[in-house]
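Below: one structure, written as structure tokens.
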Amino acid sequence: MTRKQKRLTIIGLAGAVLAAAIGLVLFALNDEITFFTSPTDLATGHVKPGSRLRLGGLVEAGSVARENSTVRFRVTDGVNAVPVTYTGILPDLFREGQGTVAEGKFGPDGVFAADTVLAKHDEKYMPKEVVDALKKSGHWEETEGKGYPKGN
Amino acid sequence: MIVEVGHYALVLALTLALVQSVVPIWGTRVGDPRLMAVAGPVAWGQFLFVSIAFAALTWAHVVSDFSVANVFENSHSQKPMIYKISGVWGNHEGSMLLWVSILSLFGAMVAWFGRNLPKSLYAAVLGVQAWVATAFYLFVLLTSNPFARLLRAPMEGRDLNPILQDPGLAIHPPLLYLGYVGFSIAFSFAVAALIEGRIDAAWARWVRPWTLAAWVFLTLGIAMGSYWAYYELGWGGWWFWDPVENASLMPWLAGTALLHSAIVMEKRDALKVWTILLAILTFSLSLLGTFLVRSGVLTSVHAFATDPARGVFILGILVVFVGGSLTIFAARAGTLTKGGLFAPISREGALVFNNLFLTAACAAVFIGTLYPLLLEATTGGKISVGAPFFEMTFGPLMLPLLLAVPIGPFLAWKRGDLLAVAQRLAVVFVLAIAAILVTWWKTRGGPVLAPLGVGLAMWLTLGALAELAFRIKLFSEPGVALRRAVGLPRSSWGTTLGHLGLGLLLFGVVAESAWKTEHVLVMKPGDTLQVARFELTLADQRDVAGPNYDATVARFVVKENGREVAVLEPAKRTYRTRRMPTTETAIATFDGFSQLYLAMGEPQGGGVAMRVYWKPMVLLIWIGCLVMSLGGAISLTDRRLRIGAPTRARATAAVAAPAE
Amino acid sequence: MWIWALFAGLTAVAVLFVLAPLARGGADASEDGDLGVYRDQLAEVDRDREAGLMADDEAEAARAEISRRLLRAARRAETAAAAPRRRSRLVAAAAVVLVPLASIGGYLAIGRPDLPDLPLTERLAAKSGDQSIETLVARVEAHLAAKPDDARGWEVIAPVYVRLGRFQDAARAWRTAIRLDGSNERRQIGLGETLVAANDGAIGADAQAAFRDALKVAPQSVLPRMYLAAALGQEDKKAEAVDAWKAIVASGTEADPWMGVAREELAKAEAIAAGKPVVPLAEPDAAKAEPGPTAAEMEAARSMSADDRSKMVAEMVNRLDERLKAGGGTIQEWERLIRAYRVMGRTAEADAAIGRARTALAGDAAALARIDALAAEK
């Protein structure tokens, strides 16, 4: 092989890997990302049932009911609330009146079937998406740079 | 007084960093050896003063001095001593102090081990190192001061976040930072080389041990963090593709590529420009990781604080250093001399192949991590990129690399013979195929890809061992094999162990993902559950009071064939000060590497919700990482990698002294 | 001022770090490290050839190439130009002036040299000065951490915890005292009342157990019996409640200070059992139509100790909360609940109530505005 051919082979290989990587990333970005929604989005029918979603809001007070290892609760943004079912063990800090993010599918029956439920990790932390959802529905106060949900 | 002395020492460290930023670089510009010589002692001074500051903060935590805001916010008088100490870096301000402490430690080490570097390179490297240090001292002092005081000292602190009160988290951040910050040395060397406009094989030899050391620490740090998440969070997962984890994975991938390209540069004087670029990118990714975690743009367990001023400051550091270094790179890279040529099929070619796929995989992780942030910043749309994205991109990009790993070390430099390599690896290939068939036969009906994964893991582990066997001529001349093994360069052992560890890691990942079993159920005392070949009985449940928490502990008796083999006690703790519950898992290891994993949920109707896992071969994941790190550490002891030759340098210094 | 002497010392050390190399000159002969690397490479080529990793002709070519580079590197080795002494003197002078100036200046802008260290043990040991309740509590806590089997200490701190609203800690303290030094009337009643307070006035199973344990050691004690009777009322066991109150009234004489309360409660229990509405008493400040505390409750409140009264208030607030949880409720009731929680210092519950009020009153813009105003008050 000549000098030029050697160089071209390597550049060619690099190009091929780059193309493959870009292809994979674009394909995966099209297919494997999860959109974030608020209870209001779901209630007002902006979302088509069956797709994979993340739902964020506060766990409605008094809405948690357990039945063996299945849990039912409602996630609210202060305006609308969506019923959620989840089978499994809830995170340590999952509590009524606190922020949560549920990931799963929104069924045609209007119930959100979650396969993952996240809660805040400590008292200072509130999932960012939940904060945004609450801000959007006006249930958020800013005080001295630190925000607190009004309906804590 | 001690606290304020620590505070003042930190300011002194900043002043010395400023001196170190200016004087030695000026010296290299005008060729004044006296000015250049300032770099070393001042780097020592920096280290001394930061150590004083760190010791003072540690003292404040140990004696519970709640007049220090940082202690009040993150400590509690009743906290066990080990967590009083680890609490020093278990919070934002303290962890940034640890960051600069490690940076100054590395600076002092360069000053010590680099004494026989060419003087101007020495001065330039330490000068660049001081630029980084200055930026971070300013960050600490201006936005995250751990020495801020409270005028009215409270009588009790707010305690450390309970999930951080764990031995794993006591050592995870220091290890991770040793990795992140260690890459700053490679960065400083790269920028110094660009400023000097000269780069050669010797440069690669000086950079390699620092990169290697940083890589070893980062590997250990990531593995430690992963194991911590595994046993502490109670979800049984060991990698979540969480942005914070990705933030540490990206520099690891780039650092691994750098490690390999530096070999080519040292041995063959090729890939110079690329190696310089990788050194810059690796540290840039470390800075990006620091930015992602510290600025609070991501919210997760690691984001101790969410303060926009800090975010903007770190973003500024990021832009200045990444932008600045890339600008210098663009301006000066052309002046670097081109190196040796090589055929595509050769050791160099294999290492280029490695670099291509590692950087492509790194780029995929980069996009997956930052795309949601970018989309939100531009369109306001909110998405989350989770495990499926990374499995679909990272997986396929790693596959060709893993297939090629055993082949690389068999290829000769410059021009390799693929056919000869194929002959040498034929046995390994046959064994890997056999492993696939056996696994497929034994686990019919299980996941389809799992046997292939086992085969790949076998290919990697046996390939690494085969390379060692051929090097020491185990089969052709068994008589002298042992002597050869002893005489083998340590870096060869490093290669073997590094690739072997990768194989073990893959084996653990495949087995855990394909054959784990999970049970979620409510159990009452006396209930029994069959998991894998074990029978678990919930014996009783009781309340226990710890030093700063109250716990409910369940006692499980594990029986195998009717014989008691273990007692497991998962618990739910509630920490008193923050009224925060945590899950304490109970884990028992069987067959060396497989684990039975119990996590406790909420009490329900006289019973308790339990999550029970059987995780076959799961320990191999972390053992693989340990073996990889061990390989790196052994490679680091290679005589040839120690910077310069100490004996010769000392002789030179002795001669030089009277001359002055 | 020791601290300034220390600062001066540290500053001097820092300046020395800059001055020492300038004075020494740092003019070690510059040695080009490349040479060593190339020599090692030559050795390695030999090793690789011996190990069979390199063909002989390749090794020769490599040797030649490395040798060429070795020569080039050797030629490049240059001597450092003799530098003028003046420059390093300038730097030294600048360091002597600027390092202390920048350090002290920077520190004074952010530091607090006037604030002493305050290690907790020393503060607790200090006899004089701060005698606030927090200090006292911290002192007792430190003592109990060192000597956790001091039952008397736990008994002393428990009521203080209750006063501070730290009910969980109080309950733990009572329980520890009982575990260490046995059960007695005072401790069991203390534990029971703490649990009631922690439970927002509801007399739960654990509190009832504590009161029953109190009766085991002091069967004639009145307070536990009253709580147990009230618990029956809370659990809607109307007939049993009436019987319990009757027994209490029968066990005392008119001279007993609690007799008035017992009679009122008996009358109330009988009224409830008979299905009659309990006559509401006008509330001092809010709208008269709302059901407020009963006459009996007000009467009882007057004759009770301050502690008992606050418990009764808590119980009433709790009832209001339960009712609003069950559904409905006017804006006035919501406001009363939120205010009550605020007054009692239970801000978290107040915030929670604000949230629930918003949900409950979602349709009513005027009511929402009033809730918003209330939320802004804090």
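The values are calculated or read from the model by the stated rules, or taken from the named source; none is laboratory data. Keep in mind the model is a prediction, meaning the values are calculated, not measured. Note that we place each Cβ from the backbone using ideal geometry, even for glycine, and neighbour counts take in every protein chain shown. These area figures cover heavy atoms from the full protein model, side chains too; ligands, DNA and RNA do not enter into them. Shrake-Rupley method; radii C 1.70, N 1.55, O 1.52, S 1.80 Å.
Please go through the stretch B:364-416 and give me each residue that is farther than 30 Å from B:THR461 by Cβ and of a type in the set (Lys, Arg), ordered by number. Matches in the stretch B:364-416: B:LYS382 only. Scanning the stretch B:540-551 for residues that are free of Cβ contacts under 8 Å to residues at least 40 places away in the same chain and either open to solvent by 40 Å² or more (accessible area, probe 1.4 Å) or of a type in the set (Lys, Arg) (or both) yields B:ASP540, B:ARG542, B:ASP543, B:VAL544, B:ALA545, B:ASP550. Could you give every pair whose Cβ atoms fall below 8 Å, whose first residue belongs to the stretch B:215-234 and is crowded, with 24+ Cβ neighbours inside 10 Å, and whose second residue is β-branched (Val, Ile, Thr) and in a helix (DSSP H, G or I), counting only separations of at least 6 or pairs across chains? Close Cβ pairs satisfying both conditions: B:TRP215/B:THR256.
Condition check ((1) at pLDDT 90 or above; (2) of a type in the set (Lys, Arg); (3) crowded, with 19+ Cβ neighbours inside 10 Å; (4) farther than 29 Å from B:SER188 by Cβ) across all residues:
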residue	(1), (2), (3), (4)
B:GLY334	no, no, no, no
B:ASN354	yes, no, yes, no
B:ALA360	yes, no, yes, no
B:THR378	no, no, no, yes
B:LYS382	no, yes, yes, yes
B:VAL385	no, no, yes, yes
B:PHE394	yes, no, yes, yes
B:PRO406	yes, no, yes, yes
B:PHE410	yes, no, yes, yes
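Taking each residue of the stretch C:135-163 that is within 11 Å of chain B (Cβ to nearest Cβ) and looking for partners that are at pLDDT below 80 with beta-carbon atoms closer than 6 Å, six or more apart or interchain, yields C:ARG139/C:LEU124; C:ALA142/C:LEU124.
Selection of helices (runs of 4 or more DSSP H) fully inside the stretch B:411-511 by the criterion of at least 3 residues being closer than 22 Å to B:ALA257 by Cα and in contact with a Leu (Cβ under 9 Å, 6 or more places away or on another chain) returns B:449-471. Return the total of residues in the stretch B:5-36 being more than 30 Å from B:GLY87 (Cα to Cα), buried (at least 24 other Cβ atoms within 10 Å of the Cβ) and more than 7 Å from chain C (Cβ to nearest Cβ). Residues that pass the stated criteria total 3. Of the strands (runs of 3 or more DSSP E) lying entirely inside the stretch B:552-597, the ones with 1 or more residues being more than 14 Å from chain A (Cβ to nearest Cβ) and surrounded by fewer than 21 Cβ atoms within 10 Å (Cβ to Cβ) are found at B:563-568, B:586-590. Does B:GLY45 qualify as being at pLDDT 95 or above, within 18 Å of C:SER88 (Cβ to Cβ) and buried (at least 22 other Cβ atoms within 10 Å of the Cβ)? The answer is yes for B:GLY45. Confirm whether B:VAL50 is modelled with pLDDT of 95 or more and under 24 Å from the mean Cα position of the chain (by Cα). Yes.
Given the criterion within 24 Å of B:ALA350 (Cα to Cα), under 26 Å from the mean Cα position of the chain (by Cα) and of a type in the set (Lys, Arg), identify the matching residue among B:ARG415, B:ARG471, B:ARG490. Lay out the reasoning, then the answer.
Values: B:ARG415 fails: under 26 Å from the mean Cα position of the chain (by Cα); B:ARG471 fails: under 26 Å from the mean Cα position of the chain (by Cα).
Result of the check over B:ARG415, B:ARG471, B:ARG490: B:ARG490.
Are there any pairs, at least 6 apart or on different chains, whose C-beta atoms fall under 6 Å, with the first in the stretch B:37-66 and within 11 Å of another protein chain (Cβ to nearest Cβ) and in contact (Cβ under 8 Å) with a residue 24 or more places away in the chain and the second aromatic (Phe, Trp, Tyr) and open to solvent by 10 Å² or more (accessible area, probe 1.4 Å), and if so, which? Pairs found: B:PRO41/C:PHE17; B:VAL42/C:PHE17; B:GLY45/C:PHE17; B:PHE66/B:PHE72. Picking from residues in the stretch A:80-100 that are at the interface with chain B (Cβ under 9 Å from one of its Cβ atoms) and β-branched (Val, Ile, Thr), the one that is least open to solvent (accessible area, probe 1.4 Å) is A:ILE89.
For the stretch A:1-22, the set of residues classified as in a loop (DSSP other than H, G, I, E, B) and more than 9 Å from every other protein chain (Cβ to nearest Cβ) consists of A:THR2 only. Give me the pairs: first residue in the stretch C:99-122 and more than 7 Å from chain B (Cβ to nearest Cβ), second residue among the polar types (S, T, N, Q) and part of a helix (DSSP H, G or I), beta-carbon distance under 6 Å, and six or more apart or on different chains, which are they? Final answer for the pair search is C:PRO100/C:THR11.
Can A:VAL47 be described as assigned to a helix (DSSP H, G or I), closer than 16 Å to B:ILE383 by Cα and touching a Ser or Thr at 6+ places or on another chain (Cβ under 7 Å)? Working first, answer last.
Details: assigned to a helix (DSSP H, G or I): no; closer than 16 Å to B:ILE383 by Cα: yes; touching a Ser or Thr at 6+ places or on another chain (Cβ under 7 Å): yes.
No; evaluated as a whole, the condition is false for this residue.
Of all residues being aromatic (Phe, Trp, Tyr) and in contact with a strand residue (DSSP E or B) (Cβ under 8 Å, 6 or more places away or on another chain) in the stretch B:584-636, which is farthest from B:SER226 (Cα to Cα)? Just the residue, please.
Taking the stretch B:584-636 and keeping what is aromatic (Phe, Trp, Tyr), we get B:590, B:593, B:597, B:613-614, B:622.
Then drop every residue that is not in contact with a strand residue (DSSP E or B) (Cβ under 8 Å, 6 or more places away or on another chain), which leaves B:590, B:597, B:613-614.
Details: B:PHE590: 20, B:TYR597: 15, B:TYR613: 17, B:TRP614: 18 Å.
By that ranking, first place goes to B:PHE590.
Give the number of residues within the stretch A:23-40 that are within 9 Å of another protein chain (Cβ to nearest Cβ) and either open to solvent by 60 Å² or more (accessible area, probe 1.4 Å) or of a type in the set (S, T, N, Q) (or both). Reasoning before the result, please.
Applying the first criterion (within 9 Å of another protein chain (Cβ to nearest Cβ)) to the stretch A:23-40 yields A:24-25, A:27-29, A:31-37.
Of the ones still in play, those that are also either open to solvent by 60 Å² or more (accessible area, probe 1.4 Å) or of a type in the set (S, T, N, Q) (or both) are A:27, A:31, A:34-35, A:37.
Matching residues across the stretch A:23-40 total 5.
Condition (residue is open to solvent by 50 Å² or more (accessible area, probe 1.4 Å) and at pLDDT below 75) applied to the stretch C:83-92: is it met by at least one residue? Yes, the stretch C:83-92 contains a residue that is open to solvent by 50 Å² or more (accessible area, probe 1.4 Å) and at pLDDT below 75.
Restricting the search to the stretch B:111-128, which residues are open to solvent by less than 10 Å² (accessible area, probe 1.4 Å), assigned to a helix (DSSP H, G or I) and either among the small types (Gly, Ala, Ser) or away from chain C (no Cβ under 14 Å) (or both)?
The answer is B:ALA111, B:ALA123, B:ALA124, B:GLY127, B:VAL128.
Just for the stretch B:80-122: of the residues that are touching a His at 6+ places or on another chain (Cβ under 8 Å) and of a type outside the set (Gly, Ala, Ser), which one is nearest to B:ALA186 (Cα to Cα)? Within the stretch B:80-122, the match that is nearest to B:ALA186 (Cα to Cα) is B:VAL88.
Cβ-Cβ distances below 7 Å connect the following pairs, each with a first residue in the stretch B:509-536 that is in contact (Cβ under 8 Å) with a residue 24 or more places away in the chain and under 11 Å from B:LEU596 (Cα atoms), a second residue that is assigned to a loop (DSSP other than H, G, I, E, B) and open to solvent by 50 Å² or more (accessible area, probe 1.4 Å), and a separation of six or more residues or different chains: B:THR517/B:ALA532.
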